[in-house]
Amino acid sequence: MLTRTICALALMALSSMPARAESCADHYQSSGVPLVTGTTHKVWMIFPSVSPSATLDKVSRAVLAEGFVDVNVDKALGTLTTQQETTGSGRPQTLRVVVRKEGKGSRVDAVFIMPPGQVAPGISNNLCRVVDAAGR
């Protein structure tokens, strides 16, 4: 009887807990070997209640807030592309963001590409800040 009571209480506790929402970090991936090869950092998120046009506007503002210049936005395609050269090497780092319709909302895919010999500390946090801006 005690075992049944404990099991019932455990099930009640689990069923009353809210489902954990996915975070940007859950969708973050990187490939390449820092300083040895080029690296690619990718992340995606779905925003079920934000239209693609509003999402693209919010992401564009977030990219500018991160310090990127010469941001190219194509609203018809739902794309944003920008480059930055911060090392003096003449080899730019590229950020590409694509916003597309997903159900009644939007999906945001972002890719940050760095050439060999470069590192960007905190890139996962910075990339997630850009993508998460769509939900604010």
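Of the listed requirements (1) among the small types (Gly, Ala, Ser); (2) in a loop (DSSP other than H, G, I, E, B); (3) within 22 Å of residue 23 (Cα to Cα), residue 134 misses just one: (2).
Taking the condition part of a strand (DSSP E or B) and either among the hydrophobic types (A, V, I, L, M, F, W, C) or more than 20 Å from residue 39 (Cα to Cα) (or both), does residue 127 pass? When the stated conditions are applied, residue 127 does not pass them.
Looking at region 29-79, the strands (runs of 3 or more DSSP E) lying wholly inside it that each contain 2 or more residues that are hydroxyl-bearing (Ser, Thr, Tyr) and either in contact (Cβ under 8 Å) with a residue 40 or more places away in the chain or over 24 Å from residue 101 (Cβ atoms) (or both) sit at 29-31, 39-47. A single member of 107, 91, 96, 100 is part of a strand (DSSP E or B), surrounded by fewer than 18 Cβ atoms within 10 Å (Cβ to Cβ) and in contact with a Pro (Cβ under 9 Å, 6 or more places away or on another chain), and it is 100.
Taking the listed residues 102, 85, the one that is over 15 Å from the mean Cα position of the chain (by Cα) and modelled with pLDDT of 95 or more is 102, with no other qualifying. Count of region 121-130 residues, restricted to those that are touching a residue at least 40 places away in the same chain (Cβ under 8 Å) and surrounded by fewer than 23 Cβ atoms within 10 Å (Cβ to Cβ), is 5.
The values are calculated or read from the model by the stated rules, or taken from the named source; none is laboratory data. Keep in mind it's a predicted model, so treat the numbers as computed, not measured. Glycine gets a Cβ as well: all are built from the backbone with ideal geometry, and neighbour counts include every protein chain shown.
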